[in-house]
1. Please report the net charge: other residues with Cβ closer than 12 Å to the Cβ of Gln216, K and R +1, D and E -1.
2. Sorted from fewest to most neighbouring beta carbons within 10 Å, what does the list Ser83, Ser117 look like?
3. Grab the eigenvalues of the alpha-carbon gyration tensor for segment 225-271, scale each by 5, take roots, and send me the semi-axes largest first in whole angstrom.
4. Provide Rg over Rh for segment 187-323; use the alpha carbon set for both Rg and the Kirkwood Rh (inverse mean inverse pair distance).
5. Any number yet on Rg/Rh for segment 68-209, C-alpha, Kirkwood?
6. First select every other residue whose beta carbon is under 12 angstrom from the beta carbon of Ala135; then total the charges, Lys and Arg +1, Asp and Glu -1.
7. Among Thr295, Thr113, Thr23, Thr249, which comes first, second and so on when ranked by fewest other beta-carbon atoms within 10 Å?
8. Loop only per DSSP, at most 14 neighbouring Cβ atoms within 10 Å: give me the trypsin sites (Lys or Arg not before Pro) in segment 56-136, ordered by residue number.
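Computed from the coordinates by the stated procedures, all read-outs in this text should not be read as laboratory data. The shown structure was predicted, so the numbers you read here are calculated from the model rather than taken from an experiment. Neighbour counts run over all protein chains shown; Cβ positions are idealised from the backbone, glycine included.
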Amino acid sequence: MAPLPFNLGLVQLLADHRNVFLTKFSLAAAFWGGVDGYILLVMLFYVVWNKRLAIRLAVVVLVALSLNDLFKMFLRNPRPFVSQGTWQKKWAVPEPSARDLAAQYSTPSGHATAAASFYAYLYGVVRNRVVRVIAIAAILLIGISRPYLGVHYFEDILLGWALGLAVALVSLRYAEAIATAWNRLCYGLQIAIIVPASLALWLFVVHLNGGSAAGQPYAYLCYGGFLTGIVLARPLELKKVNFDPRSSTVLLKIMRFSLSVGLLILTLFCLDRAFGILADHASMLWNLLEYIRFTAAGFVAFFLAPLLFTRIGWANPMANGTD
């Protein structure tokens, strides 16, 4: 498929006017607007502020990113300067990241989509002026950072914002109804739905990718696995732990967030090493093991970590027994 006729000149204009400060700022914005950044933010909200909001933000951003990657697979638009073969000189991103990005499609921007969905939903739920200003600023800065770094067209950003905003608006309108219907299902049925649905979506994207699991389809193992981990963890946390995220001192909140992040990273690292021994990275078995790895990470972050830090007195149970 031929590249879409997007304006490469605007991206080049930004590249010609880069400076060290703006480049470092844009790289920081890109991190917080990526999957790793949202995982940290969701976990922070979960352990120190509002568990229900954290879970819903996680679902919203995962759905938005899944839709975004579907559009990428259908449009198959190369990133700026890839068709020209000059991306290694034009992009202001670290070389390992650049190699991965060059193998992925451009339209729409995942960072713009995720930012618009996550922060627009946050804007709609939290009626606080400071939070809303931060939300708007985050959407704009994360989006603009991508053309500045050279890895997206401005059109990618506009399309990503539109898609993310649409997901946020639908979520704000129907979140309560969807949550009520989902919570009526028994635990076993929830698992019986989420696991096949996640793997079926991944297989569909593999099919769109010409039968290859390499490249873009890998993201669906992360999205589906992490969402599955949340589905497994959420009812257990409410039943067996149900900690109050607003309880305890600031220091203890920092400690339980650090513990949760540490356990998440340890889970991902250990399973990566173990599964790397069991299967070759080009095999279907390894891909399925990656789904299990991210499922385990979500389960550890949203159930095992709260179970542990509540047992050692770093959080109190909810006073009224409700979330």
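1. Local net charge: 0.
2. Working: Ser83 13, Ser117 32.
Taking fewest neighbouring Cβ atoms as first place, the list is Ser83, Ser117.
3. Working: eigenvalues 87, 61, 10 Å².
Sorted largest first and rounded, they come to 21, 17, 7 Å.
4. Result for segment 187-323 is an Rg/Rh of 1.06.
5. On the way: Rg = 17.9 Å, Rh = 17.1 Å.
Here Rg/Rh amounts to 1.05.
6. Combined, the nearby Lys, Arg, Asp and Glu give +3.
7. Numbers: Thr295 25, Thr113 32, Thr23 15, Thr249 9.
With the sparsest Cβ surroundings first, the list reads Thr249, Thr23, Thr295, Thr113.
8. Arg127
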